[in-house]
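The structure appears below as structure tokens.
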Amino acid sequence: MIYEEKVSVIIPSLNVFQYIQRCIESVRTQTLKEIEILCIDAGSTDGTLEVIRREAESDSRITLIHSDKKSYGYQVNLGISMANGKYISIVESDDQIESDMLEKLFGESENNKLDFIKSDYLAFSHGKKNKRKILESDKLYNNILNPKQMPLLHTMDMSIWTGIYKRQFIIDNHILLNESAGAAFQDIGFVTQVLCYAERAEYLNEPFYIYTENREGASTLNKKCFIYAYQEWKRIFENQIISDEIFESHRKCIVTRLVDTVLPESKKVLISEDYNIDSTFYKEPCEWFSRLIRNEWKKGNILFSNLTRESLKDIWLFTYNQKSYSEKIKTENLLMQSIKEELKETLLNLKRPFVIFGSGQRGRRFLEEYVLPLGLKPLCFVDNDKSKYDSYIDEV
């Protein structure tokens, strides 16, 4: 089979006027020229369509496709069905990619006959780009891996947009996104299927994708996020989108990934709904998740080693005592709000340079949630772990 296009880039959009031009521009100016750009719009009314039309007029590789459903999953599936490239790339309309991303990923994938290839990415927030790693171990990077035999990847690789996928691999394994309404969490099912079926893959430690964090209106900030997560995980566990034999061999890691989703999303909704466990945005998904986690817990299908002590406590309360869980989240949130105000005042009143002691998850979180948003920067991190010396976190 001869491919005129090496990569088909799918850009699903809905009312992203502020971001769409820079997104398309970053794709249009790729050093790899043999690409097609499929802009799948779901009925934008804010000027997004006009930008896409203007870009399409100036570049014949750009095609505007109208989606009759406001569904991220449906839009991406539509793009996959219309794609002509040997590989598929999915770029979210509020993000950007480095100019050499497609050329480097395509070349590496072709040389090694990969089902997919991904790379680390840059998180864009507060006007700065900070590198984010996909994998926990540096030893896993820049090597040919067999995800089908490495279920633990489910607990690390959680994004759809950092790489390219061989189109024939996607078609042969019937890998599609959930076509539920909106734009939230449909990528979980896609990534889960990819990791279950792929036999040749590679992760590069060079970042190419620029991910916009905390955009106003983003699906992960929506109070319906818990319902969206519930719909996606229910599809994975009840609709048999993965063959039974493969699913069972990956089950523990998939369940552990589910737990990683449940805790933060349940907390967001409880806070937004004034800690009401009977809220329509909370009750139904809570009951389903609780029942599933309880059953999987009894069967030993949760990797406790991947969870912190605090997470274990939270998931136990979530599963067995919702009232206590809600009260705990409320107490913690009120305390955090008070601490944030005190920290903000303290940091703003500092008259001298400062350092952050501890460069683990808490140190990074403190830097990103409290220090950087104030436009401040510490001299450095201080840590007892010598293996972390001469390394950087968010350019510190």
*Quick check, is S290 among the small types (G, A, S) and outside any loop (DSSP other than H, G, I, E, B)?*
yes
*Give the residue that is nearest to the chain's Cα centre (by Cα), with candidates limited to residues of the range 367-396 that are loosely packed, with under 15 Cβ neighbours inside 10 Å and among the aromatic types (F, W, Y).*
Y392
_The conditions are (1) surrounded by 18 or more Cβ atoms within 10 Å (Cβ to Cβ); (2) in contact (Cβ under 8 Å) with a residue 24 or more places away in the chain; (3) more than 20 Å from the chain's Cα centre (by Cα); (4) over 27 Å from A229 (Cβ atoms), and A42 fails exactly one of them. Which is it?_
(4)
*With the condition kept exactly as written, say whether any residue in the range 212-227 is at pLDDT 95 or above and hydrophobic (A, V, I, L, M, F, W, C).*
no
*Can you name every residue in the range 10-48 that is in a loop (DSSP other than H, G, I, E, B) and of a type outside the set (S, T, N, Q)?*
L14, V16, L32, K33, E34, A42, G43, D46, G47
_Looking at D120, D68 in this structure, which one is in a loop (DSSP other than H, G, I, E, B) and assigned by TED's automatic domain parsing to the domain that holds I52?_
D68
*So which residues in the range 339-366 are free of Cβ contacts under 8 Å to residues at least 12 places away in the same chain and closer than 18 Å to K268 by Cα?*
R365
*Would the range 197-206 turn up any residue that is out of contact with any strand residue (DSSP E or B) (no Cβ under 6 Å at 6 or more places or on another chain), surrounded by 18 or more Cβ atoms within 10 Å (Cβ to Cβ), in the same structural domain as N112 (by TED's automatic domain parsing) and in a helix (DSSP H, G or I)?*
yes
*asked:* Of all residues being surrounded by fewer than 18 Cβ atoms within 10 Å (Cβ to Cβ) and modelled with pLDDT of 95 or more in the range 105-134, which is nearest to R365 (Cα to Cα)? Just the residue, please.
replied: E108
*Does at least one position in the range 164-173 carry a residue that is crowded, with 18+ Cβ neighbours inside 10 Å, under 30 Å from Y370 (Cα atoms) and in contact with a Phe, Trp or Tyr (Cβ under 7 Å, 6 or more places away or on another chain)?*
no
_Can you tell me which of (1) farther than 16 Å from Y228 by Cα; (2) touching a residue at least 24 places away in the same chain (Cβ under 8 Å); (3) among the aromatic types (F, W, Y) is the one F304 doesn't meet?_
(2)
_Unique residue being under 17 Å from I227 (Cα atoms), surrounded by fewer than 17 Cβ atoms within 10 Å (Cβ to Cβ) and of a type in the set (D, E, K, R) when the list is E273, E238, E310, E245_ = E238
*Restricting the search to the range 289-299, which residues are touching a helix residue (DSSP H, G or I) at 6+ places or on another chain (Cβ under 6 Å), crowded, with 16+ Cβ neighbours inside 10 Å and of a type outside the set (S, T, N, Q)?*
F289, I293, E296
*Identify all residues within the range 367-396 that are in a loop (DSSP other than H, G, I, E, B) and of a type in the set (A, V, I, L, M, F, W, C); write none if there are none.*
L376, L379, C380, I393, V396
*Do we find that S305 is of a type in the set (S, T, Y) and modelled with pLDDT under 90 in this structure?*
yes
*asked:* Any residue at all in the range 350-366 that's on the phi < 0 side of the Ramachandran plot, more than 26 Å from the chain's Cα centre (by Cα) and part of a helix (DSSP H, G or I)?
replied: no
*Residues in the range 75-95 that are outside any loop (DSSP other than H, G, I, E, B), surrounded by fewer than 23 Cβ atoms within 10 Å (Cβ to Cβ) and in contact with a helix residue (DSSP H, G or I) (Cβ under 9 Å, 6 or more places away or on another chain): how many?*
1
*Looking only at the range 142-194, which residues are outside any loop (DSSP other than H, G, I, E, B), of a type in the set (D, E) and more than 24 Å from P207 (Cβ to Cβ)?*
D172
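The values are calculated or read from the model by the stated rules, or taken from the named source; none is laboratory data. These numbers were taken from a predicted model, which means no experiment stands behind them. Positions of Cβ are backbone-derived with ideal geometry, glycine not excepted, and every protein chain shown enters the neighbour counts.
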